[in-house]
Every structure is written in structure tokens, then in C-alpha cells.
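First up is the structure itself, then whatever we jot down about it.
Where a number appears in this text, it was derived from the coordinates with a stated rule and is not lab data. Keep in mind it's a predicted model, so treat the numbers as computed, not measured. FYI the Cβ positions are ideal-geometry reconstructions off the backbone, even for glycines, and counts take in every protein chain you see.
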Amino acid sequence: MDTTTYLGVRDKITTGDLLSISGSDPVSWIIRAWTRSAWSHVGLLVRLSEAGTERVFLLHATAKTGVVLLPVSRYLAGLRGTASWVRCIPSIAASLNAHYRTDLLAYALQQLGRGYDFRGIARFVLPCVPAAQERFFCSELAASAYRAAGVLTQTFQSPALLVREPIFEPPVSLA
């Protein structure tokens with residue numbers, strides 16, 4: 001896996017790219033062991049411009065906060081673990097929907113403030129558990145945004161499965 005820094009890729013990040021996380025806390029260890037993956041968390045990267053200033057944000061869902069938007073630099077400063085940038089391949093996504101970024105962003109921003117999908121997590125162990133409406137776990141939120149943009153069909157997937165979707169390049173580790 002290639003390695004760089006966040007500042008080294010910040011200018012290349014576009015809305016719809018992913019930030020994949022390998023956390024070091026006990027819950028992250030459990031997620032990684034259960035999914036047999038390096039990744040325990042994933043969120044959408046969002047580039048926003050206003051008044052001549054561009055910022056890169058992470059839109060993600062956590063058990064503690066539900067769906068929130070915060071600056072990537074702030075998130076990374078408090079991260080206990082490692083992060084990787086997962087670039088969306090624009091030519092593949094755009095071949096499915098020329099306006100995928102606009103559609104993805106519109107859907108994703110509408111989910112701000114929604115709760116965390118604890119039942120969705122339970123569905124990985126007990127498939128008979130029904131999906132929670134208007135609640136998301138991390139990879140479900142990102143996949144749902146891509147589904148709303150007409151790029152993906154499957155929304156119930158782990159961070160590892162989402163990162164391996166063919167619309168994404170291999171992760172680049174952020175040192």
C-alpha cells in the first residue's frame with residue numbers, strides 16, 4: 001500500500017472519496033476481526049467551498065454522534081489508529097451517472113443528524129434483524145449515498161467490502 005500524508009493528498013481529494021480507518025480501540029478490533037479486514041470504519045470525504053475558502057470534511061456515522069460532518073484535519077488529529085485515502089475513480093462513477101458527485105453530496109448532507117444504526121450492526125451477526133429506517137452505520141451511510149447517486153446497488157456492507165468496490169482505487173495510507 002502506498003503511503004503519504006494528509007497534506008500531501010488534500011488538494012487531490014474530491015467529494016465522494018473515502019477515508020478508511022483502522023482504529024485501535026476494542027470495538028475497532030472486534031469489527032476488524034469479525035470482517036477479517038484491516039478497516040473498522042469508513043466515511044465520505046466532502047470538499048466544500050465558500051467565500052473563497054476550500055475545506056475537506058468527513059461525513060460519517062458513529063455510535064456516539066450519529067451522522068456528522070467535521071473537518072478531516074480535526075478528525076485525524078484525534079484519531080487513535082491509522083487512516084487511508086480511498087479515491088473514487090471518476091470515470092467509472094461518471095459512466096453510471098454524470099452528476100454522481102452532486103447527487104451523492106445532496107443525499108449525504110440530508111442525512112446529517114440522523115442516528116446510528118445499531119440494528120444494522122446486529123444484522124451482521126443475526127441476518128433476521130430488520131434494518132432501521134433513517135439510521136446508518138458508517139459504511140451503510142457511504143454506500144447509501146453512492147446508491148442514491150446511481151453508482152452502487154448494495155448498501156449493507158462492511159467498510160472492507162465498500163473499500164473493495166471497483167469504483168475505488170486501492171487505499172493510500174496517510175502517515
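The phi-based Karplus calculation (6.51 cos²θ - 1.76 cosθ + 1.60; θ = phi - 60°) puts the 3J(HN,Hα) values of region 60-66 at 8, 10, 10, 4, 7, 10, x Hz, whole numbers, x for Gly and Pro.
Grab the beta carbon distance between Thr5 and Ala131, set R0 = 30 Å, and tell me the FRET efficiency rounded to 0.05. It would help to have the intermediate numbers written out before the result.
Working: r = 38 Å, r/R0 = 1.26.
Efficiency at R0 = 30 Å is approximately 0.20.
For the chain, modelled as a Gaussian network with Cα springs under 10 Å, which listed residue fluctuates most, Arg101, Arg74, Arg32? Judging by the Gaussian network model, the answer is Arg74.
Computed extension gain for Gln154 through Asn97, at 0.36 nm per residue and net of the alpha carbon distance, reaches 18.9 nm. Dividing the C-alpha radius of gyration of region 27-114 by 2.2 N^0.38 Å, with N its residue count, gives 1.22. By the count of neighbouring beta-carbon atoms within 10 Å, fewest first, Ile30, Ile121 end up ordered Ile30, Ile121. Cβ-to-Cβ counts within 10 Å put Phe136, Phe124 in ascending order as Phe124, Phe136, the fewest first. Between His41 and Ile21, Gly23, the built amide H atoms are under 5 Å apart, and every one of these is 5 or more places off in sequence or on another chain.
How much of the DSSP beta bridge set in region 3-174 is antiparallel, as a percent to the nearest 5?
Details: 27 of 31 bridges.
Of the beta bridges lying entirely in region 3-174, close to 85 percent run antiparallel.
Counting other Cβ atoms within 10 Å as a rough exposure proxy, the listed residues Glu134, Glu140 run Glu134, Glu140 from fewest neighbours to most.
Once the Cβ-Cβ distance of Ser24 and Arg55 is raised to the sixth power relative to R0 = 25 Å, the FRET efficiency obtained is 0.40. Taking R0 as 25 Å, what FRET efficiency do you get between Arg80 and Ala122 from their Cβ-Cβ distance, rounded to the nearest 0.05? The value I calculate is 0.50.
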